[in-house]
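The values are calculated or read from the model by the stated rules, or taken from the named source; none is laboratory data. Only a predicted model underlies this, so the values are computations on that prediction, with no experimental measurement involved. In this analysis, Cβ positions are derived from the backbone assuming ideal geometry, glycine residues included, and neighbour counts consider all displayed protein chains.
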Amino acid sequence: MALEPILVIETSLDDCPPQVAGYVLERALELGALDAYLIPAQMKKNRPGVVLTILARPEQRAAMVGLLLRETPTLGVRILACERETLARKILRVPTEFGAIAVKVAGDKAAPEYEDCRAAAKRHDVTLRAVQAAAMAAYALRRKK
């Protein structure tokens, strides 16, 4: 397992159009955020809103805070320094009838990479679940060897 310092950077929004919030999540991930998500929240004065959270490495602080202050109506952000512990991971490419698919492996856990599966499903006009199942079957075969 690996222990690393991370930042939880968040802001509460009750006056932000959903398209803007979605755009900010996309941009945060493009800028290298470890994760980014929205959680529905009931804000002060009984207004519905969201808490926008970005998980980032400490060296990404300025870029992520700048993104939130520039792209959302927020007047400030909360920054919490913490640690995360993760399993060591590796990526294996497995052959399937839909092409090679990357599978993320951590200990005894494995999951096909979404973007590979999504692209293959579109390219072959099949369901996402069919590609994911094929990738996991190919991984299981490889593991038995």
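If you go through segment 72-95 and keep only what is out of contact with any Lys or Arg (no Cβ under 7 Å at 6 or more places or on another chain) and charged (D, E, K, R), you end up with 78, 83, 84, 85, 90, 93.
Yes or no, residue by residue, for (1) of a type in the set (S, T, N, Q); (2) at pLDDT below 95; (3) over 15 Å from residue 24 (Cα atoms); (4) under 16 Å from the mean Cα position of the chain (by Cα):
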| position | (1), (2), (3), (4) |
| --- | --- |
| 64 | no, no, no, yes |
| 68 | no, no, no, no |
| 75 | no, no, yes, no |
| 91 | no, no, yes, no |
| 98 | no, no, yes, no |
| 119 | no, no, yes, no |
| 126 | no, no, yes, no |
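Scanning segment 128-145 for residues that are within 25 Å of residue 1 (Cα to Cα) and crowded, with 16+ Cβ neighbours inside 10 Å, we see that the one that is nearest to the chain's Cα centre (by Cα) is 136. Considering only residues in segment 100-118 that are part of a helix (DSSP H, G or I) and in contact with a helix residue (DSSP H, G or I) (Cβ under 9 Å, 6 or more places away or on another chain), the one that is surrounded by the most Cβ atoms within 10 Å (Cβ to Cβ) turns out to be 117.
Just a yes or no: is a residue in segment 8-15 in a loop (DSSP other than H, G, I, E, B), of a type in the set (D, E, K, R), free of Cβ contacts under 8 Å to residues at least 40 places away in the same chain and within 30 Å of residue 143 (Cβ to Cβ)?
Here is the first cut: in segment 8-15, the residues in a loop (DSSP other than H, G, I, E, B) are 14-15.
Cutting the leftovers down to of a type in the set (D, E, K, R) gives us 14-15.
Retained after the next criterion (residues that are free of Cβ contacts under 8 Å to residues at least 40 places away in the same chain): 14.
With the extra rule that they be within 30 Å of residue 143 (Cβ to Cβ), the set shrinks to none.
No: zero hits.
Filtering segment 20-48 to residues that are modelled with pLDDT under 95 and either part of a helix (DSSP H, G or I) or crowded, with 17+ Cβ neighbours inside 10 Å (or both) leaves 44, 45, 46.
For every residue, the table says whether it meets (1) in contact with a Cys (Cβ under 6 Å, 6 or more places away or on another chain); (2) of a type in the set (Asp, Glu); (3) farther than 30 Å from residue 90 by Cβ; (4) in contact (Cβ under 8 Å) with a residue 40 or more places away in the chain.
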{"residue": "4", "(1), (2), (3), (4)": "no, yes, no, yes"}
{"residue": "18", "(1), (2), (3), (4)": "no, no, yes, no"}
{"residue": "47", "(1), (2), (3), (4)": "no, no, yes, no"}
{"residue": "60", "(1), (2), (3), (4)": "no, no, no, yes"}
